[in-house]
C-alpha cells in the first residue's frame, strides 16, 4: 500500500505532462516562413542586377555599367544598349553617338522622363517620330496565358506618335496614347517605353515581366553583347549629401548641442557692477612717498629714483650703464651734451643730508630721466 502511494505522484505528473503535450500538438502546427533579407553587394545599388544574372544564365554576353561610357563600351554592330535612367541627362554628343551606333545595326532601349504637371516633355522627339509633350500616366493591361492579369505602365508618362510615324511594334492604352513603340533606325532599332520598372530586381521575378523582357531584347538576341546602363543620371555629390547626409548629420548636431549645453557655464541672476576704487594708483604712490618723507626715509626715496634712472639708462645705452664713476659721467655727458661734473653730482650714491639737498637731487634725477 505504501509503495502504491509513492508511485501515484509520479504517475499523476506524467499524465499532466502528457495532457500538456497533446494540447500543444493539437493547437500548434509547424509552418515555414520566408523572410526577405535586404539586398547586399551589387544588388543593393544596381536595379538591373537580377536582369544581368538572368541574361548570364541564358548564355548572353552582358556588361553592366553605372555610367554611360561609350569609349570603354566598344559597341559592336549587333549589340544592345539599355539605359535605365532619364535620357535627359545624356548630352547631345552621347545621343548622336548612340543613334549612329543604331544605324549600323544596334538596338537601343530608352525610357521617357517622369511626367510632371505642366512641364513634361522629352528631348527624344528630336531624334524619333514622337511628340515632345507627354501625357498623364495611365495603366495598360498585360495579360499572359496561364498567368494572373497584370496592369503595367501605371507610373510612366504616355506619348503620342508623330503623323506618318512608322513603327515595328507599338502598345497604346485605352486613351489612345502610347506606352511602348519600336522604331526602325537605319539597320537597327530603337525602343521607347514610358517606364522600365518591369526590368528591375523586384519586378523581374514575375513571369509576365520575364516574358516581356525576353521580347524587348529579341532584336539582337544571341547576336551581340547586352550593355545595361543603370545609373547614367547619378546626382552630384553635393545633391546626394543634401538628400541623404542629413540622416547622419542631424543626430550628430543634436549630440553636439547637448554636449555644449552640458559644458556651458551656468549664469545666475544679474549682479550690480563692483564699485570703482575712490583713489587712483598715482594717489597711492604720492601718499606712500609723503609717508616716507614725513618719517625721514630720504635715502630710501633717493635710492629708488636713482635705480629707476639707471634702469632706463641700461635700456637706452647698455655700454654707458655698465661703466662706473667718472667714466660713466663723462660718456653720459658726451651723449646728452652736459658737463661731467653735473652728471657726477646727479648720479652720486651718497644719501642726501638735508631736505633741501634731497629736493635738488630728486629734481635733477627727474630731469635726467626725461632726457634719456
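Structural remarks
- Rg/Rh for the chain, where both radii come from Cα atoms and Rh is the Kirkwood radius: 1.59
- Share antiparallel - DSSP beta bridges, segment 41-233, percent rounded to 5: 50
- Each residue in 52, 163 was given a count of other beta-carbon atoms within 10 angstrom of its own, and listing them fewest first yields 163, 52.
- Segment 283-371: Cα Rg divided by the 2.2 N^0.38 Å rule of thumb: 1.12
- Here the extension length gained between residue 86 and residue 372 equals 94.5 nm, from 0.36 nm per residue of separation less the Cα-Cα distance.
- Percentage relative contact order, segment 142-242, counting C-alpha pairs under 8 Å, at least six apart: 18
- Relative exposure of 153, 24, judged by other C-beta atoms within 10 Å (fewest first): 24, 153
- Taking the C-alpha atoms of segment 41-233, convex hull volume expressed per residue in Å³: 123
- The relative contact order of segment 283-371 comes to 31 percent, based on Cα pairs under 8 Å that sit 6 or more residues apart.
- Per residue of the chain, the DSSP helices (runs of n ≥ 4 H) give a summed -39500 (n - 2.57) that works out to -13000 deg cm²/dmol at 222 nm.
- Relative contact order (%) - the chain, alpha-carbon pairs under 8 angstrom, separation at least six: 16
- Looking at the chain, the DSSP beta bridges with both ends there are about 50 percent antiparallel.
- Cβ-to-Cβ counts within 10 Å put 293, 253, 26 in ascending order as 26, 253, 293, the fewest first.
- Full-stretch length increase - residue 221, residue 290 - with 0.36 nm per residue and alpha-carbon distance subtracted: 13.4 nm
Rule-based calculations on the coordinates, nothing more; no lab input. Not measured: the values here are computed from a predicted model. Reconstructed Cβ throughout: ideal geometry from the backbone, glycine too, with neighbour counts over all protein chains shown.
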